[in-house]
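The block underneath contains the structure these notes are about, expressed in structure tokens.
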């Protein structure tokens, strides 16, 4: 394949869906276990959650990482979790790399279903001669049409960065909550109850054109879904089942 037209799709480990089109950027942790999967594998949950601390990125570290990637690629789309990665630092890095190397940072605020949907949107337009501003304008336009949802017994542990990066003892609670993440980042809980009832409420309330879903540790067929991916149970927040969804109006 001609490198000039090849664009790498890079995604943070905490957003990854382990699909074939992804290259995963592994998370780096402070403490005994520096790799996320090692921490998940070996740290046992107790009465209190086991907090995991991500290393703060540095400009020197980011420059070295992307310089190595650009030895093999001319263009990189990077989906990053803005709860843990500095968008300002990536913007500066992007400017330093131009014009010979093209980095397109795409922020996602923890919702894997949003990542799944926006990745699909970008893949539909990247071969049409678009530039980064075109892509970001398209993303902002699509974000204005979507609503972001979490269904979980503990939705705040999925949404809040300081609660997300932890290992919890798996609970027995079967009561789920339907929570909406509003554009201003406020959280609105609509209902609590069983999963079937909450899903019915969601699809009737939104009357959406499309619904994209990523679930963890919840094996259930959901009606009216455009695409549904089940992610690994051994992923953050460990011990917390959830459904993340975006509805497109």
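Kindly indicate which of 57, 107 is surrounded by fewer than 18 Cβ atoms within 10 Å (Cβ to Cβ) and part of a strand (DSSP E or B).
Unique residue meeting the criteria: 107.
How many of the residues making up segment 226-249 are more than 23 Å from residue 173 (Cα to Cα), touching a helix residue (DSSP H, G or I) at 6+ places or on another chain (Cβ under 8 Å) and in a strand (DSSP E or B)? Spell out how you get there, then give the answer.
The initial filter retains those residues of segment 226-249 that are more than 23 Å from residue 173 (Cα to Cα), namely 226-229, 246-249.
Next, only the ones that are touching a helix residue (DSSP H, G or I) at 6+ places or on another chain (Cβ under 8 Å) stay: 227, 229, 246-249.
From what's left, in a strand (DSSP E or B): 227, 229, 246-248.
The qualifying residues number 5.
Given the conditions (1) within 30 Å of residue 243 (Cβ to Cβ); (2) free of Cβ contacts under 8 Å to residues at least 60 places away in the same chain, and given that residue 66 satisfies all but one, which numbered condition is not satisfied?
Condition (1) is where residue 66 drops out.
Free of Cβ contacts under 8 Å to residues at least 40 places away in the same chain, under 30 Å from residue 230 (Cβ atoms) and in a helix (DSSP H, G or I), is that true of residue 124?
Values: free of Cβ contacts under 8 Å to residues at least 40 places away in the same chain: yes; under 30 Å from residue 230 (Cβ atoms): yes; in a helix (DSSP H, G or I): yes.
So residue 124 passes the test.
Being assigned to a strand (DSSP E or B), under 28 Å from residue 226 (Cβ atoms), at pLDDT 95 or above and in the same structural domain as residue 14 (by TED's automatic domain parsing) narrows it down to one of 117, 79, so name that one.
79
What's the number of the only condition in (1) under 25 Å from residue 156 (Cβ atoms); (2) out of contact with any helix residue (DSSP H, G or I) (no Cβ under 9 Å at 6 or more places or on another chain); (3) in a loop (DSSP other than H, G, I, E, B) that residue 40 fails to meet?
All conditions pass for residue 40, except number (3).
The values are calculated or read from the model by the stated rules, or taken from the named source; none is laboratory data. Source: prediction; values computed, not measured. So basically every Cβ, Gly included, is an ideal-geometry build from the backbone, and we count neighbours across all protein chains shown.
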